[in-house]
Amino acid sequence: MTSMEARFGDATRTVPLPNPWNLTAYLAAVAAHRGRSISLHPVPKAMLADMGCGGGGLWVARKHDDIIVYDAAATGRNADHVILHEIGHMLLGHHNDQERGDPLPPSLAVVLPSISPQSIDHVLGRAEFGVDREREAEVFADMTMVYATLPRRRRRSFRLFGRGR
């Protein structure tokens, strides 16, 4: 078993995927696990690009809650994938190496005016984690989407493709 496979398995044992799949239920389970609420804020793609997110998504971790900002034009599976990518960063512990108090991008202050810079622990977009962690979050989102749509067996954990057992 690869270390990436083990980390995904740990994430799905920690916060199991709901059966049947329901993003709202999964977000509630992740929030309960983290002991903090998670809110979703769709914004125009241009604003995400202005924030340096390349139009994907952004995770804003405040002292007592998490906010996921994503492209308002993304719908259905595309929106779920972007949201799950950011959840992947949370569950895989990618924030642990980040310094507290990252600056609030000016365009984020326009989109979410109720957020004060003092309330933010970190603001993390898709380019903030480095290639390896971005790939992990992307694979997490991909695998979650696949496993969420498969017929359910008694126990389900992540297994990387191409590995039989």
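One table, with the values for the structure above:
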item: Hey, Ile83 under 21 Å from Ala46 (Cβ atoms), at pLDDT 85 or above and buried (at least 19 other Cβ atoms within 10 Å of the Cβ) or not; result: yes
item: Which listed residue, of Ile38, Ile83, Ile87, is under 21 Å from Asp142 (Cα atoms) and part of a strand (DSSP E or B); result: Ile38
item: Residue in segment 72-80 that is under 10 Å from the mean Cα position of the chain (by Cα) and outside any strand (DSSP E or B) present; result: yes
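The values are calculated or read from the model by the stated rules, or taken from the named source; none is laboratory data. Bear in mind that the values here come from a model prediction, so they are computed numbers and not experimental data. Note that each Cβ is placed from the backbone with ideal geometry, even for glycine, and that neighbours are counted across all protein chains shown.
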